[in-house]
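Just so you know, all these numbers are worked out from the coordinates, no wet-lab data involved. The structure displayed is predicted, hence computed values, not measured ones. All Cβ positions, even for glycine, are placed from backbone atoms using ideal geometry, and neighbour counts span all protein chains on display.
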4 protein chains.
Amino acid sequence: ADVIAISDYERLAKDYMPHGIYEYIAGGAGDDITLSRNRSAFDAIGMNKRVLRKFTKGTTEVTLSSDRFNWPMLIAPLAYQSLLHPEGERATVEAANAVNMGMMTSTLSSVPLEDIGSAQQTPKWFQLYMQPDPEHTLDLVRRAENAGYTAIVVTVDAPVSGLRNRQQRAGFSLPPSVVAANLVNYPTSKTQSLSPGQSVLLNGLMADAPDWNDLQWLRENTRLPIWIKGISHPQDAILAAESGCAGIVVSNHGGRTLDGLAASIDLLPPIRNAVQDDFSILLDSGIRRGTDIFKAIALGANGVLIGRPVLNGLAVAGALGVAHSLTLLQQELELAMALTGCETIDDITLDCIY
Amino acid sequence: ADVIAISDYERLAKDYMPHGIYEYIAGGAGDDITLSRNRSAFDAIGMNKRVLRKFTKGTTEVTLSSDRFNWPMLIAPLAYQSLLHPEGERATVEAANAVNMGMMTSTLSSVPLEDIGSAQQTPKWFQLYMQPDPEHTLDLVRRAENAGYTAIVVTVDAPVSGLRNRQQRAGFSLPPSVVAANLVNYPTSKTQSLSPGQSVLLNGLMADAPDWNDLQWLRENTRLPIWIKGISHPQDAILAAESGCAGIVVSNHGGRTLDGLAASIDLLPPIRNAVQDDFSILLDSGIRRGTDIFKAIALGANGVLIGRPVLNGLAVAGALGVAHSLTLLQQELELAMALTGCETIDDITLDCIY
Amino acid sequence: ADVIAISDYERLAKDYMPHGIYEYIAGGAGDDITLSRNRSAFDAIGMNKRVLRKFTKGTTEVTLSSDRFNWPMLIAPLAYQSLLHPEGERATVEAANAVNMGMMTSTLSSVPLEDIGSAQQTPKWFQLYMQPDPEHTLDLVRRAENAGYTAIVVTVDAPVSGLRNRQQRAGFSLPPSVVAANLVNYPTSKTQSLSPGQSVLLNGLMADAPDWNDLQWLRENTRLPIWIKGISHPQDAILAAESGCAGIVVSNHGGRTLDGLAASIDLLPPIRNAVQDDFSILLDSGIRRGTDIFKAIALGANGVLIGRPVLNGLAVAGALGVAHSLTLLQQELELAMALTGCETIDDITLDCIY
Amino acid sequence: ADVIAISDYERLAKDYMPHGIYEYIAGGAGDDITLSRNRSAFDAIGMNKRVLRKFTKGTTEVTLSSDRFNWPMLIAPLAYQSLLHPEGERATVEAANAVNMGMMTSTLSSVPLEDIGSAQQTPKWFQLYMQPDPEHTLDLVRRAENAGYTAIVVTVDAPVSGLRNRQQRAGFSLPPSVVAANLVNYPTSKTQSLSPGQSVLLNGLMADAPDWNDLQWLRENTRLPIWIKGISHPQDAILAAESGCAGIVVSNHGGRTLDGLAASIDLLPPIRNAVQDDFSILLDSGIRRGTDIFKAIALGANGVLIGRPVLNGLAVAGALGVAHSLTLLQQELELAMALTGCETIDDITLDCIY
Ligand SMILES: Cc1cc2nc3c(=O)[nH]c(=O)nc-3n(C[C@H](O)[C@H](O)[C@H](O)COP(=O)(O)O)c2cc1C
Ligand SMILES: Cc1cc2nc3c(=O)[nH]c(=O)nc-3n(C[C@H](O)[C@H](O)[C@H](O)COP(=O)(O)O)c2cc1C
Ligand SMILES: Cc1cc2nc3c(=O)[nH]c(=O)nc-3n(C[C@H](O)[C@H](O)[C@H](O)COP(=O)(O)O)c2cc1C
Ligand SMILES: Cc1cc2nc3c(=O)[nH]c(=O)nc-3n(C[C@H](O)[C@H](O)[C@H](O)COP(=O)(O)O)c2cc1C
């Protein structure tokens, strides 16, 4: 009776990995302000319930860019899962199959995207970090297409790494045994050369970062639907919609990039208002309860991504831990629907928010 | 001088029962967010006082669906009281008589409703959980009528059990000695049969749950006034009023069903606004002080129910503990009326709220 | 360097008296909600400052019902000061003289009002609790007139005692050596006789409590200006002004009567708005810093009363402790005026509030 | 990996100096309300980020009253730095040179302004406390002009010292070895003579304090641009602009003067609104992160001052500690710009605030 909620895995995970890895996973950027807002914002949202409604056709199914999902939730793209379990992403995909849930594979997976793709029986999407060299980007996309991935999710909110003070303090660095398996064959590309007085960050790294033109180029080079992950401003949501994307992921990267950003869930309503009703929006950052999923959908999301809970489940009990964690969220979502009188995902609307 | 407020009984109760039972009683659903809002919401409400008013006809009497009550408060329906004291509901009813207060008997009482009914000398109401088999529901109603109950209170906010993580963690389960005394003779009815891929919760349990039609049917089958307990949405209050109910209980079930619901007291004003002034509204969830009763009435309730304080008093000192707990609340209510200059329950209006 | 602020006396006072007396003095009513609001409300108020203003005629003087005060603050009426120091009110009046500050003597002083009156060299006002027998009330007023008091302050917010849970828990009761010195010669008057079912509080004590008619009668029976202490509602402020009072004290009795009242300072602005600009308003409850006095004046008070800080100073170091405590407040008020650019009490206006 | 943020220096600094000095530096006035608001206000401000923007001309340069700065931040004027390190201001100026940042030298520096001025290679401004004797004031200005300072910053928010309870409790006083090196040759001027009943503070010290006329006189007596430090009211900002000042520093002196003032950052928007867009505004008080600098600029500041972080760096590791502290802030500011998509300081606008 001890592991009955996501928070139990969070608590336990600490003992299942070295402190450095724990801080790398659990920590946010800077002072963890955004990280903790991600949670307090969900907790502050009230729900409404209706009673005595007829309940005859209950279901949790949704469709997202022509894939059909049993649940309005996917496993988030999460780098380097071999840090947490010898089987790494292989264990996670096993869990995804077991609980019938979609998954996004990260560019930085520690298992090749091909291996993951061939094991996965649920909708599989590929998360893309655009590479300094366009040839490498294109190669990644081709490989994803060939491996049967049905969507490309371009993460755009981390052109440079966030201020990860907690992992710095813990002295975290990637052990040699864990690598970005998809990138091993791409030679490191030359970086910008700087004149004296120029900034490595502002004039070097940032000059290499992708922009809307690069996204346009990408769209012209693949037949897969493209999602943009890491949108937190209504204007960028509009630009994404205009750029022909299939949808966006409203996200602050789990509080790991810029400390001071609002909670993702607080950003959702203005973003939903800025775009058309039929433009698809996923949301992540801070989801730890089935009621959080319910709230996100009520506030305008078509579905959510689950980040750290997957990693904690993986660390504590491998595929089984991931599957159990996700099952808990599924059951809690069902219970929230039952107790509010919502038969389907479409019934979860703004009226359900207090 | 040690037990002078409801909070003292709360503190003591912990030592008068096994941890599992304590968690079952004290806990809320999920993360206790609604449970704690129930308290913080009351504490956040300010009161106004008037001075130097004439004070000649002080009284706390009220009338609710043709029963006359000495106090605007009833003992809430509380299941399985034998968990807390060998005499169970028998002790509680003794206290109700002693302090001249009405009481609702639960469908899930551990003492037969007939025994309670014959002992009770104050207004007695029967709380009904509608049974999967309508015959059983009807039988319960007939038995309540015959035992002299003067109202039926249908609880509608718990069609399925809440996410009771605290009691799960404590490993609580009902001991064999404690049973739902009113239901022992009803055979378990067959449940829905599910096709593969269907959800036990969404397609099974919820398909059995009562709806407005069932309520209509109930009303046609008894001459007793019907109250609906567990309303938390203005639209449902309107539906209840239209359905011919005598009144409603605004309640979030003491925070035990859906975690994330607003505090009951915060839901009261919009619900009071949605219905006619003469439609009766009771309120429960979180009342621990006479000033809380005062606030609920000022915000539009005709009276309140007292839940856990009754159970804690029962556990600590049996009938005497319940009677003392209720007396404390009565005295505190009188004092609040005296210090605000309110002679009668009708004088307690919105003007008394800061 | 250890006793440099009012909070130091608060901290120390605990060790200078038995726990029961400490709880009697420091405690509020019920759950101390109003008590703690009294403090948090002051702390939440922001101040504005102006710079580079000419500063040539600095003074803290004010006039209140024709008495001239060096400081816009008086010692509040505080019962039974012999509880805290063998010299009781005699020590306090010595301090009042030393720091040139007005004082209100309580009906419940443990030293006769005549002794206090003859010792006091600053403006002296008498706080009146109206007695069940009008003859006794009248006698108190005559004695105050004869002893040279220049105003009567009728306290109206405590017709019955508050719910003093903290002092109940500590088992506080007045020791035989400490008496209400002014009342020793008045025989206890008969109380109301109650019929069965009537409430001692609502039908007994409250029927004896004074009302506006009694106040009218009082005004006709003395030539002294009358202030009403314990106003917390704008409508009562209006009634007070219409009744011909010289002024009012906005107060929640230091949080000792009805728990749930707003902080006095939060009640001040609506009350100031409800009455004429030249109607005098004093304020107490929660003042612990010179900046609190400044804020009260900026928000519309003509001056303030100091309660518990006087008692703590008295307990710790007798007349010297009181004088030092009051000097600290005086210096802090001067400093607040200097740093905000306010030369006189009249310069402290709403513009000084952020 | 232990000293990676300003907060680490704050934590360490405690062990690098006697308690009295620590309290003198770290403490605020009164109850530290303003001190803690300075921090909580920054943390409460949310930021917006944009993604996929072109990033080709990144720079942090700004111009302030004709001086060109590599960074929109200066070292604040900080008295008596020899308290913290044997080299005092000499170490600080070394750091300023190393990290290419401007600095204000205090009137109360423990090293003569001439020595500092000749060592400093970045823009150097002189902070002036106007002296009771105008001749001394004028002499200070002449010396600053001769030493190559390019602006005079008149601090106006501390005409008298704040209520420094923390340093009083710690028994802080300046050791004989640390002196106001710039003032040693000015004889103490005569103070106002007071009549009995007059206040040393209100009628003595404050009568000596400078006013707008004195500022006018100063402006006529130097060719250097004059800034006013310590503005916290929009009306005073307007007066400053009208008086011909080059700019102002919005500041509450790090919470060290009047406790109860709003956070500087909360005061900034109304002040920015009150003056012309091209009137220069600096801000200090509570800046501890690069994102704080970013927020201040977004809310209308042209740059910021860094106070206590410089002192803590100095105490822990001399010039190196100061340089490292400032570098951390520089890198964090760059990172905030990169992650929000702001290439230049001018790009940081109100749109960046959530
Ligand atoms: C350890 C870790 C690694 C991550 N790696 C990636 C990644 O490779 N690509 C990506 O787009 N997001 C990555 N994310 C962000 C997640 O996809 C997701 O946005 C975030 O975890 C959601 O917040 P949550 O953890 O609060 O659920 C990572 C997050 C964590 C915690
Ligand atoms: C242990 C326990 C058992 C309960 N059993 C029932 C029940 O059988 N029927 C019902 O309608 N409500 C039941 N309730 C809910 C109460 O009637 C009431 O709504 C709730 O306790 C009020 O909140 P409070 O405990 O904060 O006063 C129960 C509550 C508790 C704590
Ligand atoms: C121990 C104690 C005794 C008091 N006695 C009286 C009293 O006799 N008459 C009265 O009008 N108010 C009395 N008061 C209330 C004070 O006059 C005053 O309203 C209150 O103390 C102000 O709040 P403060 O203590 O926070 O400053 C008493 C307060 C205390 C704490
Ligand atoms: C120890 C100390 C000494 C200071 N000395 C001066 C000074 O001599 N002149 C001045 O204008 N401000 C002085 N200040 C105020 C700073 O210039 C600045 O306004 C303040 O430190 C900014 O807040 P922060 O410390 O939170 O960054 C001093 C501040 C501290 C902490």
Per-residue ellipticity at 222 nm for chain A, helices alone: DSSP H runs ≥ 4 residues times -39500 (n - 2.57), over residue total, nearest 500 deg cm²/dmol?
-11500 deg cm²/dmol
Reciprocal mean inverse distance between Cα atoms of the stretch A:89-139 - Kirkwood radius, Å
11.5
Taking Rh as the Kirkwood radius, which is the inverse of the mean 1/r over Cα pairs, what is the Rg/Rh value for the stretch A:235-354?
0.99
What percent of all Cα-Cα pairs in the stretch A:147-258 falls in each 10 Å bin, counting up from 0?
11, 31, 39, 18, 1
Let's see if you can work this out: charge +1 on each Lys and Arg Cβ, -1 on each Asp and Glu Cβ, no other charges. What is the dipole magnitude of chain C about its Cα centre, in debye to the nearest 20?
480
FRET efficiency (D:Ser193, C:Glu87; Cβ distance; R0 51 Å; to 0.05) is 0.85
Fewest first, what order do B:Asp284, C:Asp346 take by the number of other Cβ atoms within 10 Å?
C:Asp346, B:Asp284
Could you state, as a whole-number percent, how many of the C-alpha pairs of the protein assembly as shown are farther apart than 42 Å?
59
Least to most buried among C:Asp43, C:Asp292, by other C-beta atoms within 10 Å and fewest first, runs C:Asp43, C:Asp292
Projected convex hull area of the stretch C:2-85, Cα atoms, direction-averaged, in nm², equals 9.7
Given +1 on the Cβ of Lys and Arg, -1 on the Cβ of Asp and Glu, and no further charges, what dipole in debye does the stretch B:205-351 carry about its Cα centre, rounded to the nearest 20?
460
Cut-off is 10 Å between beta-carbons; in what order do A:Asp2, D:Asp266, D:Asp347 appear when sorted fewest neighbours first?
A:Asp2, D:Asp347, D:Asp266
Considering only the other residues whose Cβ falls under 11 Å of the Cβ of A:Val93, what net charge follows from Lys and Arg at +1 and Asp and Glu at -1?
-2
Given charges at Cβ of Lys, Arg, Asp, Glu: chain C dipole, positive-most of C:Tyr354, C:Met104, C:Gln198:
C:Tyr354
Average silhouette area of the stretch A:175-221, convex hull of alpha-carbon atoms, in square nanometres
5.5
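Any idea what diffusion coefficient the stretch C:199-255 gets from Stokes-Einstein, in µm²/s, Kirkwood Rh on alpha carbon pairs, 37 °C, 0.692 mPa s?
Answer, rounded: 260 µm²/s.
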Apply the Karplus curve 6.51 cos²θ - 1.76 cosθ + 1.60, θ = phi - 60°, to the phi angles in the stretch C:296-313 and return the couplings in whole Hz, x for Gly and Pro.
4, 5, 4, 8, x, 7, 8, x, 9, 10, 10, x, 3, x, 5, 5, 5, x
Set Lys and Arg Cβ to +1 and Asp and Glu Cβ to -1, take the dipole of chain D about its Cα centre, and tell me which of D:Ala262, D:Ala181, D:Ala13 lies farthest positive.
D:Ala13
Can you tell me the alpha carbon radius of gyration of the stretch B:203-293 divided by the globular rule-of-thumb value 2.2 N^0.38 Å?
1.15
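Provide the convex hull volume over Cα atoms per residue for chain D, in Å³.
On the way: hull volume 50.0 nm³, N = 354.
Cα-based convex hull of chain D, divided per residue, equals 141 Å³.
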So what are the stretch D:48-196's ellipsoid semi-axes, whole angstrom, largest first, if each one is the square root of 5 times an eigenvalue of the alpha-carbon gyration tensor?
34, 19, 17
Sum up the charges of everything whose Cβ sits under 12 Å from the Cβ of A:Met47, counting Lys and Arg as +1 and Asp and Glu as -1, but leave A:Met47 out.
+1
Give or take rounding to whole Å, what are the principal axis extents of the alpha carbon atoms in the stretch C:46-135, in descending order?
57, 31, 28
